[in-house]
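Enquirer: Here's a structure for you.
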Amino acid sequence: MKLKLPRFLFTLVPLMSLGVAAQEYVHLDVTSGYNHDVVANGSATSMASTTIEVDNDSYAFLSTDFLSPGGNSYASALPATGLINSAATAGLSYQMAPFDENNTMRIPTTSTSLTAVFSNQVMASQVFLLATSGSGSAQVTITVNFTDDTSQTATGVAIPDWYNGTSQPTAASGFGRVNRNTDGIDTPFGNPRLYQLTVNIDEANQGKLIESIEVTKTSTVAGVVNVMGFTANQLPSCPSPTGLTSTTTENSGTVSWSAAPVLPTGGYDYYMSASSDAPTAETDVTNVANTVNEVSFSELEIGTTYYFWIRSNCGTEEGDWEMTTFTTGQMSTTYTGGDGSTSLNTNTSATSTSPCPTVLTVSVPEGFQIASVDVAYQMTSQNSAYMSEQRSLLFCNTTNMGESAVTPGPSGNMGTATYNRTGLNIADGATGDVEFELRAWRTWGPNEDCGVYYTTVDDGTFVITITYEPFVCELTAPEADDQIACGGIGFTVSDLVVQGSGNVEFYFYDTIDAPEPLDPETLVEESGTYYVSQYIGDCESDRTAFEVTVNTVPSPTADAEQEVCPGSLISSLSAQADEGGVLLWFTSQDAPAPVGTNTELEEGASYWVTQQISGCRSPRVEVVVSFSDVPLPVAEDQEVCEGSTVADLYADALEGAELHWYATADAEFPLGQTAVLAEGSYFVSQTPEDCGESDRVEITVSFTEIPVPTAPVSQSLCEGSTVGDLVATGVEGATFNWYATADAPTPLADETVVEAGSYFVSLVLDGCGESERVEVVVDFNEIAAPATETNQYFCGSVTVDELFAEGMAGATVQWFETEEATEPIAAGTTLEPGTYFARQVVGAGCVSAANDTHVFVNAVPDAPTGDDYQEFETGATLESLDFTVAENATVTYYVMNGSEELVEVEAGTELMDDTVYYVTQTVEGCESEPLAIEAAEILGVATFESAGLKVFPNPVESILTVTGNVTISQLTVTNLLGQKVMEANVNGTNAELNVSSLPQGTYVLQVTGDTGASYTTKIIRK
C-alpha cells in the first residue's frame, strides 16, 4: 500500500511504549486446586471453622465476621467478601475463595505440587499470585499451562515468611491471626502479610488462553506454601504489536517490531509525524500486512524528534495505538560486559572517583561530533543493601568532564532503581572513539570495597545515547594574558595559564610560525614572547601571543629548630613570608604536594616550608621539630556566691585545652563540674589537646557578700508610671525586687502602677540570695516641653520624621499641627512650610506642654550647565572648567572613587587627562545634582607612546613594571584627588614598583625622565 506520509528517520535509542491502553485486571476463577480452609469465620470456634493452620504451629487467618466463643472479633481482619485490593499495584485486586470452603493451595512438603484450574480462560501479559509462607520463607516453581497443551515455567520464585518479609511486594498486611487451640487473636502492627508474586508471560505465549497454574514447592526448609488467589493482566481481543526498536544513520533508519500476540487479520496501521499530536479517526494512516515487521524511512532532518504510532487492524476492530519517539542524529551503545561493580564511599561528590567504574566506549561517525549525551541504567540493591544507599555519576574520560552533581538513589529498601538523564554536555565536540565511565557507589556494604554482592549496575541496562552533529572547525584563538613564570623550581610550559573555548587542549610555541609545538615539559627559564593555539581533534585555532616574565621567589625565614607541644599540628610551626607570600609545608624535601594545616607533628622529624607569591614557589627551608613541656594555666583567687559549683570557677588555658580542678594539690581525681564549693584552696591544671597535663596552680575561693542596691531616695515620676519605671543600680549581673513595705513578703510586679509614697528595693544576685531593702520615696512632677529649634530649614521636601526635637531620656516626641490638637501627625507625613508643635510623652501617658518650630522648605537648584566634554592645557586647574551657576551659588567639585562614590576635591587642584569631574551648586543651603564634565588634555602634550614607555601588567596586583626608550629618574603615583600616595627614585630605562599596599582603585602614574620631561598614564590596582 502506498505510504501517505513524509519519509522520516528513526534513531537508535532505547524505545518506550507509550500506548494509551489501560491495564485490565481479571480475577481467575478457581474450579479446583484449593485443598484446605485456613480462614476462621462465623460464630464457630476457629478449630471448627478451619481445616488446618497456615504455618507449622497453630495459627490461622480470620475474617471480619469471625466471633470466637469468648465474644472476640477483629475489625481489621480479612474482609468477609474475600476481596483483597493490592497495596503493591494500583487497580489490582484478588478474589479469595469463600471462607467457609477450601481457600488455599497449602503445600508443606518439598517436591509437592498443586494445580489451580480456571473456569474463565484469558490471554494475558502477566499473572499475579496472592501467596504467603508460614513458619519461615519458601521457594517454588510456577508453571502456567495453556489450552494448546504448551506451558511456561518460572523457577526459584521466593515466598517470604508471613511476618516482616520484604523480598516480594506486599499485597495486604496487618489483618491479624487466630490461635486454633485457644481462639486468642494476635493483632501485631503490619503483620501477618500476603505477598504478590508476578509471572510475566512470554510474548510468544501472550496470544494463548491460560488453562491452569501449577505450583511446586522446591525449598527444603520448613516454610509452608499458601496460595490464595490468582489475577491476570488480560490482553485485549485485538492486541497491538510489541518490542519496537530502530536502527539509524544521520538521515535514514528502519523501525522494527515484534508481531502482535494474535496476528491481526487486517494487518498493521502505522502513522509517522514530526508533531506529538496523536492520530485521530480522521488521520490518514498506512496499512501493511501482518507478515511485515519493519518499515524504512530516509531523507530526514538531522536533530529532529519524530513520533511513530502503530496498532493492530483486526478487521472488525482496531487495537490500541502504541507510540515511541526518536530523534535523528542519535545513536545508542549498550554495555553488555556483565554486572557492573559498585564502590563503597560514604561521602561522594562530583569530584569523587571509583576504583571500579563501568566503562563504555561510543564510536562517533566520521565527520560528526557529539552535541549532547543521554544516559540510562539500572542499579539493584540486595543482601540488606538499600536503594536509598545508591550513588552514581557519568564521567567522560575523553574530555575529562563529568556531571556537576552525584545522583542519589530513590527512597526504599532492597530493589531495582531506574535512572535516566538527558541533555548532558560533558562530551560536546568530541569525535572518534569517546570513552565514558559510570562511577557507581554505595554508602553501605561491609567487608567489600568493589563488587556486586550488595549493589550492582545491571548488565545490559547501561546505555549511552549521543546526539551528534556535523563536525565544523570554528575555533577562535584562545585568550592569554601576560603572566609570570616561576623560575628556579622547574616551571614548565604545561604550567602556563590560558583561557579556551571549553573542551579543548592547547599547543604552545616559541615563535609565531614554529612548525611544531613545544613539549609540555619544556622549562620556562627566560622571559619573552610565547604563542598559544587551542585544538580539539584535528581542529586548531590561530595563535595568540603573550609575554612571560620569569619570577624567582626567595625562601621564607624560619627557625631551623622549633619547639611545640606534644600532639601539635603543623599549623603550630612558624615561618615568615614576604609581603603577599603564602606559606606551604611539606613532609620531605621533594614531596610533590603540601600537607594540610591539621597534620600532626612528630618529635624529631623534619618539615620543609616554601612561600608562594603570585603562583610561584620558593626553594624549601628545613625545620626540625622537638616537643616542649606543658605550660601552667593562668588563674587567680576568686569570689563566688555561696552554693556555687566547680563549673563557676575560671582560669585561662591554651586554645583547645581542658581545665581540671582538684580539692588538694595531690588529689588523684579531678572534681566534677557540679561539686559545690566551700571557702578555701582549690588547684587547677590544663590539658592541651594531645599534649599531656600541666602542673597544678593553687587559688583561694571566698564567698561574696551581697551589697544593698544604690537608688535615689527620692524619685519623681509621671502619673500612671509603674514599678518598672523606678530606678536602682547595683553590681553587674544583679536584679532588683521592689516591695510596697519594708517587710512585705512578695515583690511587686513591674506593671504595678505606683502611687506617691514609700517603696522598698533589694538587690538579688543569682545563686547568692537577696540583700537588705532600701527605702525610696516617690512623688509626681510635671513634664517640660521638648527642646526644639525656632526655625528649621529643609531642601525640596520634608516629612514629620525629619523635624528636630530633643526630649527626656526614654521619652517619645510627637508633632501636632496646632497647639490644641490631640492627634499627632502620622509618621512619614510630608509637611508644608509653616508652624508645628512638639510634645513629649513619658511613661504611661505623661504628656508635656507644647513647643513650636517654624518649618521652611527651600527649592533644590538645578545642576550647573556646561559642555560635558572640555579640553584643557597642561597645568590648568578645576577653576578653568567652563560652566554656569546661579548668582550667589557655592560651587563644589568632586571625582568618582573606585567604589563609585563622589569624593570632594579642593579648588585649585590640577586637571588630569581623561578624567570625569563633577560640579554642583549650593543655593540657600540646598545642593544640586552634579554636572559631569570629561576633561581631556589638549593634543601636543608628550605621551607615553611618544616616549616609547610601557607599563605592565595593568590592571596590577603587586609588581608594576615600567620600561621605555628614555632614562627614568623618578616614578610618582597620585590618587584621583591629586594626593601623592607613592614615590620612587630611578636611574635607568626599566623600573619596578610594588603597589600591593595601595587600596584597589584607579591611580595616575607620572614618569619623570632625566631631561625633566614628564609623562602620565592611568593604572588600576586590582
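Enquirer: What is the residue count in the stretch 648-672 for residues that are under 24 Å from G567 (Cβ atoms) and out of contact with any Pro (no Cβ under 7 Å at 6 or more places or on another chain)?
Expert: Result for the stretch 648-672: 5.
Enquirer: Of a type outside the set (D, E, K, R), in contact (Cβ under 8 Å) with a residue 60 or more places away in the chain and surrounded by fewer than 14 Cβ atoms within 10 Å (Cβ to Cβ), is that true of Q1000?
Expert: yes
Enquirer: Same structure, new question: Quick one: in the stretch 763-806, which of the residues that are small (G, A, S) and within 23 Å of P833 (Cα to Cα) is farthest from the chain's Cα centre (by Cα)?
Expert: A785
Enquirer: Determine, yes or no, whether T456 is farther than 26 Å from R391 by Cβ and of a type in the set (V, I, T).
Expert: no
Enquirer: Would you be able to say whether some residue in the stretch 179-188 is in the same structural domain as A90 (by the TED database), within 47 Å of the chain's Cα centre (by Cα) and at negative phi?
Expert: Yes - at least one qualifying residue is present in the stretch 179-188.
Enquirer: From the list Q612, Q562, which one is over 30 Å from E693 (Cα atoms), among the polar types (S, T, N, Q) and either in a strand (DSSP E or B) or within 40 Å of the chain's Cα centre (by Cα) (or both)?
Expert: Matching residue, one of Q612, Q562: Q612.
Enquirer: Going by the conditions given, is V452 surrounded by 17 or more Cβ atoms within 10 Å (Cβ to Cβ) and within 16 Å of G340 (Cα to Cα)?
Expert: yes
Enquirer: Return only the number of the condition from (1) closer than 30 Å to T333 by Cβ; (2) modelled with pLDDT of 95 or more that L15 does not satisfy.
Expert: Of everything listed in (1) closer than 30 Å to T333 by Cβ; (2) modelled with pLDDT of 95 or more, L15 misses just condition (2).
Enquirer: Here's something else I'd like to know. Hey, D269 hits all of (1) part of a strand (DSSP E or B); (2) charged (D, E, K, R); (3) free of Cβ contacts under 8 Å to residues at least 12 places away in the same chain but one; which does it fall short on?
Expert: The failed condition is (3).
Enquirer: Among (1) within 52 Å of the chain's Cα centre (by Cα); (2) of a type outside the set (A, V, I, L, M); (3) surrounded by fewer than 22 Cβ atoms within 10 Å (Cβ to Cβ); (4) within 27 Å of D202 (Cβ to Cβ), there is one condition F128 misses while meeting the rest; what is its number?
Expert: Unmet for F128, out of (1) within 52 Å of the chain's Cα centre (by Cα); (2) of a type outside the set (A, V, I, L, M); (3) surrounded by fewer than 22 Cβ atoms within 10 Å (Cβ to Cβ); (4) within 27 Å of D202 (Cβ to Cβ): (3).
Enquirer: While we're here: Among the strands (runs of 3 or more DSSP E) contained in the stretch 657-767, which hold 2 or more residues that are of a type in the set (A, V, I, L, M)?
Expert: 697-703, 757-765
Enquirer: Also: Please determine whether any residue of the stretch 297-308 is surrounded by 22 or more Cβ atoms within 10 Å (Cβ to Cβ), modelled with pLDDT of 90 or more and not assigned by the TED database to the domain that holds I370.
Expert: So far as the stretch 297-308 goes, yes, one or more of its residues are surrounded by 22 or more Cβ atoms within 10 Å (Cβ to Cβ), modelled with pLDDT of 90 or more and not assigned by the TED database to the domain that holds I370.
Enquirer: Of the residues A936, A932, which is outside any loop (DSSP other than H, G, I, E, B), at pLDDT 90 or above and in contact with a strand residue (DSSP E or B) (Cβ under 8 Å, 6 or more places away or on another chain)?
Expert: Answer to the selection: A932.
Enquirer: Scan the stretch 283-292 and tell me whether some residue there is on the phi < 0 side of the Ramachandran plot, under 50 Å from the mean Cα position of the chain (by Cα), hydroxyl-bearing (S, T, Y) and not assigned by the TED database to the domain that holds N56.
Expert: Within the stretch 283-292, one or more residues are on the phi < 0 side of the Ramachandran plot, under 50 Å from the mean Cα position of the chain (by Cα), hydroxyl-bearing (S, T, Y) and not assigned by the TED database to the domain that holds N56.
Enquirer: Would you please name the residue that is surrounded by the most Cβ atoms within 10 Å (Cβ to Cβ), looking only at residues in the stretch 677-700 that are over 14 Å from P631 (Cα atoms) and in contact (Cβ under 8 Å) with a residue 40 or more places away in the chain?
Expert: I699
Enquirer: So D513 clears everything in (1) in a strand (DSSP E or B); (2) farther than 24 Å from P619 by Cβ except one condition, right? Which one?
Expert: It fails just one condition, (1).
Enquirer: Also, I was wondering about something else. Take the conditions at pLDDT 90 or above and not in a loop (DSSP other than H, G, I, E, B) and apply them to S312. Does it pass?
Expert: yes
Enquirer: Taking the options I466, I489, I484, name whichever one is over 14 Å from S533 (Cβ atoms) and part of a loop (DSSP other than H, G, I, E, B).
Expert: When all the criteria are applied, what remains is I489.
Enquirer: Which of the residues that make up the stretch 492-510 are assigned to a strand (DSSP E or B) and surrounded by fewer than 15 Cβ atoms within 10 Å (Cβ to Cβ)?
Expert: Answer for the stretch 492-510, where residues must be assigned to a strand (DSSP E or B) and surrounded by fewer than 15 Cβ atoms within 10 Å (Cβ to Cβ): Q499, E505.
Enquirer: While we're here: Going through D513, D519, D459, D495 one at a time, which residue ends up being under 30 Å from T380 (Cβ atoms) and acidic (D, E)?
Expert: D459
Enquirer: F703 passes all but one of (1) surrounded by fewer than 19 Cβ atoms within 10 Å (Cβ to Cβ); (2) of a type in the set (F, W, Y); (3) out of contact with any Cys (no Cβ under 9 Å at 6 or more places or on another chain); (4) touching a residue at least 12 places away in the same chain (Cβ under 8 Å); which number fails?
Expert: Of (1) surrounded by fewer than 19 Cβ atoms within 10 Å (Cβ to Cβ); (2) of a type in the set (F, W, Y); (3) out of contact with any Cys (no Cβ under 9 Å at 6 or more places or on another chain); (4) touching a residue at least 12 places away in the same chain (Cβ under 8 Å), only one is false for F703: (3).
Enquirer: Take T220 and tell me if it is modelled with pLDDT of 95 or more and surrounded by fewer than 16 Cβ atoms within 10 Å (Cβ to Cβ).
Expert: Judged against the criteria, T220 is not a match.
Enquirer: Here's a follow-up. If you check Q95 against the conditions, is it within 24 Å of P261 (Cβ to Cβ) and either assigned by the TED database to the domain that holds L263 or in contact with a strand residue (DSSP E or B) (Cβ under 6 Å, 6 or more places away or on another chain) (or both)?
Expert: no
Enquirer: Shifting gears a bit: Among what's in the stretch 952-1010 and is in a strand (DSSP E or B) and among the small types (G, A, S), pick the residue that is farthest from V553 (Cα to Cα).
Expert: Across the stretch 952-1010, the extreme among qualifying residues is G1009.
Enquirer: Quick check on this structure: which one of T874, T884 is of a type in the set (S, T, Y) and surrounded by 11 or more Cβ atoms within 10 Å (Cβ to Cβ)?
Expert: T874
Enquirer: Which residues, taken from the stretch 814-851, are aliphatic (A, V, I, L, M), modelled with pLDDT under 90 and in a strand (DSSP E or B)?
Expert: Passing the criteria: V841, V842, V847.
Enquirer: When the stretch 53-76 is examined, which residues are found to be surrounded by 18 or more Cβ atoms within 10 Å (Cβ to Cβ) and within 21 Å of V215 (Cβ to Cβ)?
Expert: E53, V54, D55, A60, F61
Enquirer: Related question: State the number of residues belonging to the stretch 180-217 that are within 30 Å of S43 (Cβ to Cβ) and either part of a strand (DSSP E or B) or polar (S, T, N, Q) (or both).
Expert: Within the stretch 180-217, residues that are within 30 Å of S43 (Cβ to Cβ) and either part of a strand (DSSP E or B) or polar (S, T, N, Q) (or both) number 8.
Enquirer: Of (1) among the hydroxyl-bearing types (S, T, Y); (2) touching a residue at least 40 places away in the same chain (Cβ under 8 Å); (3) surrounded by fewer than 17 Cβ atoms within 10 Å (Cβ to Cβ), T664 satisfies all except one. Which?
Expert: Going through (1) among the hydroxyl-bearing types (S, T, Y); (2) touching a residue at least 40 places away in the same chain (Cβ under 8 Å); (3) surrounded by fewer than 17 Cβ atoms within 10 Å (Cβ to Cβ) one by one, T664 breaks only (2).
Enquirer: Could you figure out which of (1) under 30 Å from E525 (Cα atoms); (2) under 28 Å from the mean Cα position of the chain (by Cα); (3) hydrophobic (A, V, I, L, M, F, W, C) isn't true of A480?
Expert: (2)
Enquirer: Evaluate the following for T674: is it of a type in the set (S, T, N, Q), touching a residue at least 12 places away in the same chain (Cβ under 8 Å) and touching a strand residue (DSSP E or B) at 6+ places or on another chain (Cβ under 6 Å)?
Expert: yes
The values are calculated or read from the model by the stated rules, or taken from the named source; none is laboratory data. These figures come from a predicted structure and were not determined experimentally. Quick reminder, even Gly has a Cβ in these numbers, built from the backbone with ideal geometry, and neighbours come from all protein chains shown.
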